[in-house]
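What follows is a set of notes on a single structure, which appears directly below.
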Amino acid sequence: MTFIHLYLAGQVTEKKEDLGEVLNGDRMVQSSYQLNFREDKQLESICKKTLSKDEVRKFRDAVKQDYYFQMYYDDLPLWGFIGKMDETEMKYYLFTHVPFEVLYNDDRVIEISIASDNNYVVDITDDKEVEAEFHYSVKWKETDIPFEKRMEKYAKSSFLPQHLEIHWFSIINSLMIVLFLSGMVAMIMMRTL
């Protein structure tokens, strides 16, 4: 969401990726969120944007497919969904508010999280232009978790939506290429000998 919202607003500064990030499909950007240490914020505006019909359609497709975003703060990852679908009414909503909650101990950041806020959504069910204002809030809370144990939460479980898929076509394709190339090498060796 950060990338998408800020990209639409033209406020993105892209980070130069290394080879591993490019191969993973990561697109790191510097966002406009200002999370200053122990400074609470309430409904801080990022941008106002009129979403075109095409942009609304792209967001709706992303919500249908459970797209989420990933950010880093003080080397800690955090994830959030870009929207939600109301299955009873068959409506699609785009989240316009990012509420950050940051836990700290003394002068160190221990944990950061985002919770979806259903009070700030934009209806993207229909293919029509939509006015949206994107904003965020930051709440700092003290904790007694020591800095040395801050990564244990991430080691125990993943917060990402897990979709276990086996890509059979790719596996069969790779096997066929290996067999074909092995056959070519065998033919060349037979003609040479």
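Here are the numbers for this structure:
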{"quantity": "Residues located in region 104-145, provided they are free of Cβ contacts under 8 Å to residues at least 60 places away in the same chain, in a loop (DSSP other than H, G, I, E, B) and hydroxyl-bearing (Ser, Thr, Tyr)", "calculated": "Ser116, Tyr120, Thr143"}
{"quantity": "The listed residue being of a type in the set (Gly, Ala, Ser) and modelled with pLDDT under 90, out of Ser137, Ser182, Ser157, Ser113", "calculated": "Ser157"}
{"quantity": "Within region 12-55, tally of residues that are in a loop (DSSP other than H, G, I, E, B) and either under 15 Å from Met71 (Cβ atoms) or in contact with a Gly (Cβ under 8 Å, 6 or more places away or on another chain) (or both)", "calculated": "10"}
{"quantity": "Hits in region 82-95 (condition: touching a residue at least 24 places away in the same chain (Cβ under 8 Å) and out of contact with any helix residue (DSSP H, G or I) (no Cβ under 8 Å at 6 or more places or on another chain))", "calculated": "Met90, Lys91, Phe95"}
{"quantity": "Selection count, region 11-42, where residues are farther than 16 Å from Pro77 by Cβ, without any contact (Cβ under 8 Å) to a residue 60 or more places away in the chain, in contact with a strand residue (DSSP E or B) (Cβ under 6 Å, 6 or more places away or on another chain) and surrounded by 14 or more Cβ atoms within 10 Å (Cβ to Cβ)", "calculated": "2"}
{"quantity": "Index of the failed condition, Glu101 passing every other in (1) under 30 Å from Phe147 (Cβ atoms); (2) open to solvent by less than 40 Å² (accessible area, probe 1.4 Å); (3) not polar (S, T, N, Q); (4) not in a loop (DSSP other than H, G, I, E, B)", "calculated": "(2)"}
{"quantity": "Residues that are touching a Phe, Trp or Tyr at 6+ places or on another chain (Cβ under 9 Å), surrounded by 14 or more Cβ atoms within 10 Å (Cβ to Cβ) and not in a loop (DSSP other than H, G, I, E, B), drawn from region 78-98", "calculated": "Leu78, Trp79, Gly80, Phe81, Gly83, Lys84, Met85, Tyr92, Leu94, Phe95, His97, Val98"}
{"quantity": "All positions within region 62-77 that are surrounded by fewer than 13 Cβ atoms within 10 Å (Cβ to Cβ) and touching a Phe, Trp or Tyr at 6+ places or on another chain (Cβ under 9 Å)", "calculated": "Lys64"}
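The values are calculated or read from the model by the stated rules, or taken from the named source; none is laboratory data. What you are looking at is a predicted structure, and each value in this text was computed from that prediction instead of being measured. As a convention, Cβ positions derive from the backbone with ideal geometry for all residues, glycine included, and neighbour counts pool all protein chains shown. Calculation scope for accessible area: heavy atoms of the full protein, side chains included, ligands and nucleic acids excluded. Shrake-Rupley method; radii C 1.70, N 1.55, O 1.52, S 1.80 Å.
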